[in-house]
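Report on the following structure.
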Amino acid sequence: MVTETLAAGAGSDFSLWMRGSGLEIVLLVVGAVLFSRLAQYVRDWLTGRIDASFESSDSLVRTEAAKHRHALAQVVTWVVLSLVYFLVGLEVLKRMGFQLSGLVAPAAVLGAAIGFGAQRIVQDLLAGFFLITERQYGFGDVVRISVGGQSEPAEGTVEDVTLRITTVRNADGSVITVPNGQIVKVTNLSKDWARAAIDIPVKATADLTKIYDVLRAVGTKAFQDRTLKSLLLDEPSVMGVEDLTVDQMNIRMVARTLPGKQFEVSRELRARVAAALRREGLGTVSGGPSEAQ
């Protein structure tokens, strides 16, 4: 009889808890999930608007402001959701009967212990904060990132930026994730403007005057070409002899381009230079025009 009374009392208490704190926990969790979906929807809508305005415009590259706004939308969403999840977690613990005031001392000890192990996470967050505020790069930028402890840099197009990580897709299509705190140096290849530079190897006995005339003519025609001119900021110029050996010399040709378009311009200039020198009987030595380092 006593057992039945205790069981009935326990069932009654659980029923009351489910109608009170239990229901609140369910509502908090559901609310957090719905808020997360809403925040992600707003983020995707904003980034979609930014992408649509770029695709519908006559611009060939994204503006620095657009790239920064795209990255900022991703970072703000990440921070807001992290804060919401943390606050909801505290409220759930409170409704499950945990006295948060009584957890202050254990939390301090636990926080100190975790702090030693979480130094790298804090370092990543601080580094990400400065990456965003200083506008070192943004969504769509072509970057070369030197990572601490790695001999090979991470190079490719930035696809995602948060306070903790940067995601880059390289030319092979592979996705590289770099913790922001491990970034040693960033080379932005698509900020404001870029430079296409090619080295043309010719025989050491070649007539430099004639070669210069041919290269200048190639640069002039390239700048007059409607397709190439939209990528160039000024007419390609001949810098002169960059390297000299007993058998050959390298002549450098450069052109300022729109950000991120230097690779396309370099390929086109190399093809035009090789064809022009071949027509004049001034073929390059083995290897042909190469990318300047």
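Counting only other residues whose beta carbon sits under 13 Å from that of V214, what net charge do I get with K and R as +1, D and E as -1?
Values: positive: K210, R216, K221, R272, R278, R279; negative: D207, D213, E280.
So the surrounding residues net to +3.
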TODO: Read phi for every residue in the range 138-151 and hand back ³J(HN,Hα) as whole Hz from Karplus 6.51 cos²θ - 1.76 cosθ + 1.60, θ = phi - 60°, with x for Gly and Pro.
DONE: x, 4, x, 6, 9, 10, 10, 10, 8, 9, x, x, 10, 6
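Ordered by packing density, taken as the mean number of other Cβ atoms within 10 Å over each peptide's residues, highest first, how do 32-42, 120-130, 69-79 rank? If you can, show how the numbers build up before the last one.
On the way: 32-42: 12.8, 120-130: 15.4, 69-79: 18.8.
Packing order, densest peptide first, comes out as 69-79, 120-130, 32-42.
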- [ ] Could you give the spread of the C-alpha atoms of the range 129-228 along their three principal axes, from largest to smallest, in whole angstroms?
- [x] 55, 32, 26
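Using a Förster radius of 30 Å, what is the FRET efficiency between R120 and L27 based on their Cβ-Cβ separation? Nearest 0.05, please.
Numbers: r = 36 Å, r/R0 = 1.20.
It comes out at approximately 0.25.
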Open item on the list: Take T227 and R278, extend 7 Å from each Cα along the Cα→Cβ direction, and tell me the distance between the two endpoints in nm.
Closed with: 1.7
- [ ] Determine, at each q value in 0.15, 0.17, 0.22 (inverse angstroms), the log₁₀ of I(q)/I(0) that the Debye formula gives when each Cα of the range 194-291 is one equal point scatterer.
- [x] -0.52, -0.66, -1.08
Task: R169-V241 pseudo-label distance in nm [points 7 Å out on the Cα-to-Cβ vector] - done: 4.6
Task: Amide H contacts of T166 (H built 1.01 Å from N, under 5 Å, at least 5 apart or other chain) - done: V178, N180
- [ ] Excluding residues fewer than 8 places away in the same chain, name every one of the lysines whose C-alpha is closer than 28 Å to that of K67.
- [x] K185, K191, K229, K261
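What's the local net charge at S237, with K and R +1, D and E -1, over the other residues with C-beta under 10 Å away?
Values: positive: R216, R252, R256; negative: D234, E235.
Taking every Cβ under 10 Å from that of S237, the sum is +1.
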Open item on the list: Please list 3J(HN,Hα) in residue order for the range 247-261, calculated via the Karplus relation 6.51 cos²θ - 1.76 cosθ + 1.60 where θ = phi - 60°; whole Hz, with x for glycine and proline.
Closed with: 9, 8, 9, 10, 9, 9, 10, 10, 7, 7, 10, 5, x, x, 9
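Just add up the charged neighbours of V175: K/R +1, D/E -1, any other residue whose Cβ is under 15 Å from the Cβ of V175. If you can, show how the numbers build up before the last one.
Values: positive: R169; negative: E155, E159, D160, D172.
Local charge sum for V175: -3.
No value in this document is a laboratory result; all are computed from the given coordinates. These numbers were taken from a predicted model, which means no experiment stands behind them. Cβ coordinates were reconstructed from backbone atoms using ideal geometry, including for glycine residues, and neighbour counts include every protein chain displayed.
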